[in-house]
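K.L.:
Here you go, one structure.
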Amino acid sequence: MVETSLQVIDAFIDGERVAANALKAALAEPAGRDYFVEVWLMRDAVQSESAGAPPVAVAAAAAPAAMPRREPRRWMVAAAIAGALLGGYAIGYRATTGSATPPSSPAQSPAVTVSVPPASAFPVPPATRVIQLEFHPATTAGGD
């Protein structure tokens, strides 16, 4: 099988065994050396991109003894979600019920206060029919 100089360089970069004389001859040519550098850099970029790491030159300059980063475990993610849900529920419960202790007010005589609802942005039409509901606890027919 006859191999060209570029095929010998490709085989060497892929980790295959090549004849030393064929590799020397391929790298002796300027086109072979240029091809070797281009293919090596391209292979390095593809491998580092697929691994999610920076290229080798940048990684060596950054921190040679860096510890590998561990991904969070699933139970930690589930615990964080559960904590967020419970915290949101507690905040919502407090916001709707008000404070735990009502504010103390000075003793006053009973008075009737009429509160007027604020004017809404959308006017409500007048009622056409009024239905009055009555609750009779002594009646057991029909269930509660």
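K.L.:
Between Glu16 and Tyr93, what is the spin-label point distance in nm, taking each point 7 Å from the Cα along the Cα→C-beta axis?
P.N.:
The two pseudo-label positions are separated by 6.9 nm.
K.L.:
Sticking with this one: Could you give each residue of the stretch 81-90 its phi-based ³J(HN,Hα) in whole Hz, using Karplus coefficients 6.51, -1.76, 1.60 with θ = phi - 60°, and x for Gly or Pro?
P.N.:
Calculated HN-Hα couplings, in order: 5, 5, x, 5, 5, 5, x, x, 5, 5 Hz.
K.L.:
Multiplying the sequence separation of Ala127 and Glu38 by 0.36 nm and subtracting their Cα-Cα distance, what value in nm do you get? Each step should come with its number before you reach the end.
P.N.:
Working: separation 89, 0.36 × 89 = 32.04 nm, distance 8.19 nm.
Computed gain between Ala127 and Glu38 is 23.9 nm.
K.L.:
While we're here: Which of the peptides 6-17, 37-48 is most tightly packed, and how do the rest follow, going by the mean number of other Cβ atoms within 10 Å of each residue?
P.N.:
Values: 6-17: 14.5, 37-48: 12.4.
In decreasing order of mean packing, 6-17, 37-48 become 6-17, 37-48.
Every number here is computed from the coordinates shown, using simple stated rules; none is lab data. In this text the structure is predicted, and so the values were computed from the model without any measurement. All Cβ positions, even for glycine, are placed from backbone atoms using ideal geometry, and neighbour counts span all protein chains on display.
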